[in-house]
Ligand code: SAM
């Protein structure tokens, strides 16, 4: 029986291709790629020539069935997306689910992912984060989604496209307030990599004031909601402290 390898590929810098990922792509019989033209370029660069098939969001169910058959016939298959880790805001999960359901072996080959790179460079010290991925493209649905995450006490990892970055930051500011902090990670691992931490109020002005900051690929790391510490009675801790002082001082 064959093995399905879930292989991470670079998010911009080809040197981020891991040694193990390169060797797996050189050894498998078939590579299932999100876009065979994009991945063809990477495979040529790596000097490997596996058979390429297409597996993207529009054919993932039928390609999953084909991949299960190939594995049952003893062929090894690697699944890759255009960039980063398959299954992270990218196709891959449907194939993996089908392969697991068929009782076959799945092996992840970890490597680049824009989300994890952004968390690592954010400087936020919270230990929990939520991977949001892309927010809805339409404003109404986007504001609703932002309201859903507004009070979450974890970091929020958001992917955004360049033509929506300003609208997205504006909605974040208008919904969450000017003081909430965000780290804007642009063009990670590439020539124009930019990482900037600032309050939402300043973020909108900074990005709108410089068209270069509206180009490329973005991950936004939104700071966690800081819930006021409350007492057992549900009073904010500072109000409670004030009350205790007043009680002590009053005759
Ligand atoms: N599977 C990929 C991963 O593991 O990161 C994500 C694929 S998703 C379709 C593409 C989005 O990821 C982009 O719109 C952007 O938000 C983010 N992204 C990918 N590469 C990036 C980079 N080099 N710098 C910043 N964001 C990036």
Point to revise | Breaking point among (1) crowded, with 16+ Cβ neighbours inside 10 Å; (2) under 20 Å from residue 122 (Cβ atoms); (3) within 16 Å of the ligand (Cβ to nearest atom), for residue 224 | key: (3)
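Taking the stated definitions as given, is residue 204 within 15 Å of the ligand (Cβ to nearest atom) and either within 17 Å of residue 146 (Cα to Cα) or outside any strand (DSSP E or B) (or both)? Walk me through how you get there before you give the answer.
On the way: within 15 Å of the ligand (Cβ to nearest atom): no; either within 17 Å of residue 146 (Cα to Cα) or outside any strand (DSSP E or B) (or both): yes.
Here the answer is no, as residue 204 does not meet what is asked.
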Study note, to complete from the structure: residue 187 vs (1) in contact (Cβ under 8 Å) with a residue 40 or more places away in the chain; (2) away from the ligand (no atom under 15 Å from the Cβ); (3) in contact with a strand residue (DSSP E or B) (Cβ under 8 Å, 6 or more places away or on another chain): all pass except (2)
Check your understanding: Can you name the strands (runs of 3 or more DSSP E) wholly within region 1-70 that have at least 2 residues being within 20 Å of the chain's Cα centre (by Cα) and surrounded by fewer than 20 Cβ atoms within 10 Å (Cβ to Cβ)?
Key -> none
Point to revise | Close pairs from region 9-20: first in contact (Cβ under 8 Å) with a residue 40 or more places away in the chain, partner part of a loop (DSSP other than H, G, I, E, B) and away from the ligand (no atom under 13 Å from the Cβ), Cβ under 7 Å, at least 6 apart | key: 9/17; 10/17
Practice item. Assess whether residue 171 counts as being free of Cβ contacts under 8 Å to residues at least 40 places away in the same chain, buried (at least 16 other Cβ atoms within 10 Å of the Cβ) and more than 29 Å from residue 13 (Cβ to Cβ). Key: yes
Practice item. Only residues that are more than 16 Å from the ligand (Cβ to nearest atom) and either surrounded by 19 or more Cβ atoms within 10 Å (Cβ to Cβ) or within 27 Å of the chain's Cα centre (by Cα) (or both): list them for region 71-84, please. Key: 71, 76, 77
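Only the coordinates and a few stated rules stand behind these numbers; no lab work does. None of the values given here were measured: they were computed from a predicted structure. As a convention, Cβ positions derive from the backbone with ideal geometry for all residues, glycine included, and neighbour counts pool all protein chains shown.
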